[in-house]
Amino acid sequence: MSRFDRLGRLFERHGHRVYPGWARASLLTFAGRLPPRARVLDLGGGTGLLAGWMRAVRPDLELVVADASRGMLARVPEGIQAVYARAEALPFPDAAFDAAVLGEALHHFADPEAALSQLARVLAPGGRLWLYDFDPRPLGGRLLRVLERLWGEPGAFYPPEALVQSLAERGIEARAEPRGFRYVLLGERKENASGSSSPSR
Ligand SMILES: C[S@@+](CC[C@H](N)C(=O)[O-])C[C@H]1O[C@@H](n2cnc3c(N)ncnc32)[C@H](O)[C@@H]1O
């Protein structure tokens, strides 16, 4: 049972409000540049909001929404694959995806470092990453972290530079595009990175 199970309807109706126009435009540009019929993982994808946006501009993509809430997954649009999974133990083979997107999801994961290792494992060499999250240092991010922790969520927000570093340790080269307390991060899994990269910590 996840605390998100009862929030599917709310996210279906209002989830888009969390994404400013520039973040949505960045996602659509990202989707537009993927190779034909690319297999794309929407990790912590909830109701499939991001997958649905990508499908609207790239109907050829093979989209998979993975999430740990059955209540959220129940609202994933028809035609998009919905998989019940914890980000820390993804049920996909190595290099299964050509791209991955995470929208305001990473900071909800109980063990984000394990999730990043899994993300690196399932991304194919050369695979692309798009991620949207919040910097916990500016006022907006600090408030969000307090609110989420009061709600009982991990609130594991990464400053963008720390996330870039964590990804680099896992063979994903990334750059962050911050705007106030929000940021988009774009990454690419290095061609020569090993299949199951996992730094010792
Ligand atoms: C704030 S919602 C974002 C959903 C979606 N990305 C969106 O933008 O609408 C965070 C999502 O992370 C999921 N989640 C939380 N912990 C998770 C975990 N350990 N593994 C997979 N998904 C998880 C929740 O079930 C929820 O659907």
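Read-outs: derived from the displayed coordinates by stated rules, not from any lab. Fair warning: this is a prediction, and the values are worked out from it, not measured in the lab. We place every Cβ from the backbone using ideal geometry, glycine too, and count neighbours over all the protein chains shown.
Here are the numbers:
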item: Estimated inter-spin distance, residue 25 and residue 168, nm [label 7 Å along Cα→Cβ]; result: 2.9
item: Per-pair calculated FRET efficiency, R0 = 22 Å: residue 33 and residue 191 via Cβ, rounded to 0.05; result: 0.80
item: Positive-end residue of 16, 187, 165, charge dipole of the range 5-189 with Cβ unit charges; result: 16
item: Positive-end residue of 72, 44, 85, charge dipole of the range 5-189 with Cβ unit charges; result: 72
item: Spacing of the two label points (7 Å from each Cα toward its C-beta) at residue 139 and residue 6, in nm; result: 3.2
item: Shape of the chain, Cα gyration tensor, a/c cut at 1.5; result: rounded
item: Whether the range 1-65 is rounded, prolate or oblate, judged on the alpha carbon gyration tensor where a/c under 1.5 counts as rounded; result: oblate
item: Size of charge dipole - the chain - debye, nearest 20, with Cβ of Lys, Arg +1 and Asp, Glu -1, no other charges; result: 480
item: Net dipole in debye of the range 1-76 [+1 Lys, Arg Cβ; -1 Asp, Glu Cβ; about Cα centre; nearest 20]; result: 160
item: Relative contact order computed over the range 5-189 (Cα-Cα under 8 Å; 6+ residues apart), in percent; result: 18
item: Ranked by how many other beta carbons lie within 10 Å on average, peptides 102-112, 83-93 from highest; result: 102-112, 83-93
item: Sequence ranges 123-133, 67-77, 28-38, 166-176, ranked by mean other-Cβ count within 10 angstrom, highest first; result: 123-133, 67-77, 166-176, 28-38
